[in-house]
Structures are given as C-alpha cells and as structure tokens.
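**Q** Take a look at the following structure, please.
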Amino acid sequence: MATSATLHSYMAGVMPRVGSKSRSTGLRSTYLLPCQRPMRIRCQAEPQKQSAPVTPPPQPAQAPTPKPKAKESTKFSDMLAFSGPAPERINGRLAMVGFVSALAVELAKGDDLAAQLMNGGLPWFAGTAALLSVASLVPLFKGVSAQSQSGGLMTADAELWNGRFAMLGLVALAFTEYLKGGPLV
C-alpha cells in the first residue's frame with residue numbers, strides 16, 4: 001500500500017504539465033493531456049491460505065436415469081379393480097353424458113329425471129353404459145393409458161375432474177328434483 005502511494009506521487013510529479021493563459025481572466029490553468037494523466041496503481045495482497053489437499057473439480061450433476069415404468073396389467077380383473085384405471089374414468093364419462101342428456105331432455109320435454117327413466121330412458125341408459133364401457137376398456141387392453149394420449153387442453157386429469165363434477169351434478173339434479181317434486185326447469 002505504501003509502495004502504491006509512493007509510486008503514484010512519483011509518477012504525478014514526473015509527468016509534464018501543459019499550461020495556458022486565459023485571455024479574459026488572465027489566470028493560468030494547468031492540465032494534463034489524456035495520454036499524460038497519472039496512472040493509479042493499486043496493489044492488494046491476498047492472505048496466504050494453508051495448503052489444502054487438491055480436490056478435483058466437481059463433476060456436473062448427472063440427471064438420474066428414470067426408472068422404467070412398470071407395465072400396467074391388461075387383465076380384466078386388474079382393469080376393473082377398485083384402484084384400477086377403468087372404474088372412475090368410465091363412471092365419469094357416463095356421468096358427463098348422463099348429466100348433459102338429462103338436462104337436454106328436461107329442457108325439451110319438461111320431464112324430470114325419474115320420468116325420463118320410466119318413459120323409455122332405461123334402455124337408452126343401458127345401451128350407452130355398455131357402449132362407453134367397451135369403448136373405454138379397448139385401449140386399456142391394448143396397453144394405451146389415458147395419460148399417454150393426453151396433451152394440451154384435453155388432459156387425463158381434466159377428464160377425471162369433469163367426470164367427478166358431472167357425477168356430483170347428476171346426484172344433485174336427482175336430489176333437487178326429489179325435494180322439489182318435479183323437474184328443475
């Protein structure tokens with residue numbers, strides 16, 4: 001530090017200065033040309049560290065290799081098990097179709113849910129349930145899951161949530177019509 005200050009003051013004293021006299025004030029000003037300005041030299045000593053064993057540089061973190069997904073069983077009993085992939089999805093799809101159909105027929109004819117089932121709606125319900133169940137099971141038997149086919153706006157989770165809301169809506173519609181004693185609309 002002392003060396004730096006000494007060198008700075010020495011360099012500033014050795015540099016030639018250029019002066020000029022102002023015509024209006026008569027005062028003389030001194031300035032240095034850009035190439036002659038004093039240099040500032042700063043020196044900092046780093047504290048010495050005790051020698052530690054040299055460690056190799058850390059290797060970049062490698063992404064863990066994903067474990068291969070266990071292949072889902074394509075047995076009928078596994079598909080329709082309580083925790084299997086089919087029951088909630090099939091029930092949700094049936095509830096979505098049923099809720100929309102019940103509201104559409106109620107708006108068109110004015111029949112409540114019970115009247116719709118008694119006036120020829122039961123065969124339509126059974127046929128729709130059979131068709132949607134088979135259509136939902138065929139891809140599962142081929143090993144294709146709903147998660148692998150979902151993307152963008154139409155995701156497998158969105159279908160499950162829409163099915164759950166439709167199940168609740170269908171039960172709420174039946175309960176409301178029961179308490180009211182007639183159609184909702």
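Any read-out appearing in this document is the output of simple, stated calculations on the displayed coordinates, not a laboratory observation. It should be emphasised that the depicted structure is a prediction, and the values quoted were computed from it without experimental measurement. Cβ placement follows ideal geometry from the backbone for every residue including glycine, while neighbour counts extend to all protein chains displayed.
**Q** Grab the Cα-Cα distance for Ala135 and Val100, subtract it from 0.36 nm times how many residues apart they are, and report the gain in nm with one decimal.
**A** Details: separation 35, 0.36 × 35 = 12.60 nm, distance 1.92 nm.
Full extension of this stretch gives 10.7 nm more.
**Q** What would the Debye equation give as log₁₀ I(q)/I(0) for the range 88-146 at q = 0.15, 0.17, 0.25 Å⁻¹, counting only Cα atoms as equal point scatterers?
**A** Debye curve over Cα of the range 88-146, log10 I(q)/I(0) at q = 0.15, 0.17, 0.25 Å⁻¹: -0.51, -0.61, -1.00.
**Q** Can you pull the one-decimal nm distance between simple spin-label points at Thr128 and Gln62, each 7 Å off the Cα toward Cβ?
**A** Those two pseudo-labels are separated by 5.5 nm.
**Q** Right, something else. Give me the distance in nm between label points sitting 7 Å out from Cα along the Cα-to-Cβ direction at Trp161 and Ser145, one decimal.
**A** The two pseudo-label positions are separated by 2.0 nm.
**Q** For the residues Phe125, Phe141, what sequence is obtained by ranking on other C-beta atoms within 10 Å, fewest first?
**A** Fewest to most other Cβ atoms nearby, the residues stand as Phe141, Phe125.
**Q** Okay, moving on. Using a 10 Å cut-off around each Cβ, can you sort Asp157, Asp111 from fewest to most neighbouring Cβ atoms?
**A** In increasing order of surrounding Cβ atoms, one gets Asp157, Asp111.
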